[in-house]
Amino acid sequence: MYLLEQNYAAVKTAIAAAASRSGRDPQAVLLVAVTKTVGIEAVRQAYSLGISDFGENRVQDAAAKVASMADARWHFIGYLQTNKVKDVLPAYSLIHSLDRSSLADALQSYAEKADLVADVLVQVNVAAEESKHGLAPAELASFLEYLRGLKRIRIHGLMTMAPYVEDAEEVRPVFRQLRLLRDQNASPGCPMPELSMGMTNDYQVAVEEGATIVRIGSALFSG
Ligand SMILES: *Cc1c(COP(=O)(O)O)cnc(C)c1O
């Protein structure tokens, strides 16, 4: 077996085990393969193994990969500059990193012009790390209220990045907090089913805490 195939099998097994530990259906967890460190060949190989969803965090670096794999679903997971909205909105299925009203306004305005809908997750900086983007948990309710007025924006849920730690158990409260924030802010008109949380270092804990989307790079593409 090729390395990627082995890695993919191991990740799938670990997701299934984590899901079953918390009584969840493994099918309820979407794997987004983060391809920011690899080239088109690796993306093609992953796609041929059955991976359908890919994540990128830099518009320019990703452009050739996204263009050559238009059948795949692409997820934008990085900081999104407003002047890149026109490149990202038509090409990506889900933007994980909506974190400010200026970006929401740019998405709304471009979506209207292009007759598109912006499918988004709201990024929350649960751990309040200086180095990370995302809203403070206390800002979430009013931000969601603001988004309600923007008809071209469809909110699917929340996203967070946990701090990097040796022992992923330490960041379990971060994932639990994102789920609670979702539960507190969900409404019948905006149920926010998706929780995008968990990377190579901590996805198993994130799945135990309710992740519906995990974003995994190194566990698939390195080693
Ligand atoms: C790079 C990246 C990932 C994947 O990280 P790994 O540790 O390689 O799994 C996930 N989410 C975001 C936002 C990233 O930038």
Inter-residue pairs, beta-carbon under 8 Å, first farther than 22 Å from L181 by Cβ and in the range 196-223, second polar (S, T, N, Q) and more than 9 Å from the ligand (Cβ to nearest atom), 6+ apart: G217/T35; A219/N7; L220/N7; F221/N7; F221/T35; G223/N7
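Name every residue in the range 26-46 that is surrounded by 16 or more Cβ atoms within 10 Å (Cβ to Cβ) and more than 15 Å from N7 (Cβ to Cβ), in order of residue number.
At the first step, the residues of the range 26-46 found to be surrounded by 16 or more Cβ atoms within 10 Å (Cβ to Cβ) are 29-36, 38, 42-43, 45-46.
Scanning the range 26-46 gives V29, L30, K36.
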Some residue of the range 36-52 being within 17 Å of the chain's Cα centre (by Cα), within 13 Å of the ligand (Cβ to nearest atom), under 21 Å from Y92 (Cα atoms) and touching a residue at least 40 places away in the same chain (Cβ under 8 Å): yes
Residue list for the range 182-207, filter: at negative phi, open to solvent by less than 10 Å² (accessible area, probe 1.4 Å) and more than 13 Å from the ligand (Cβ to nearest atom): L195, V207
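The values are calculated or read from the model by the stated rules, or taken from the named source; none is laboratory data. Because the structure is a prediction, the values reported are computed rather than measured. Glycine gets a Cβ as well: all are built from the backbone with ideal geometry, and neighbour counts include every protein chain shown. What goes into the accessible areas is simple: the full protein's heavy atoms, side chains included, and nothing from ligands, DNA or RNA. Shrake-Rupley method; radii C 1.70, N 1.55, O 1.52, S 1.80 Å.
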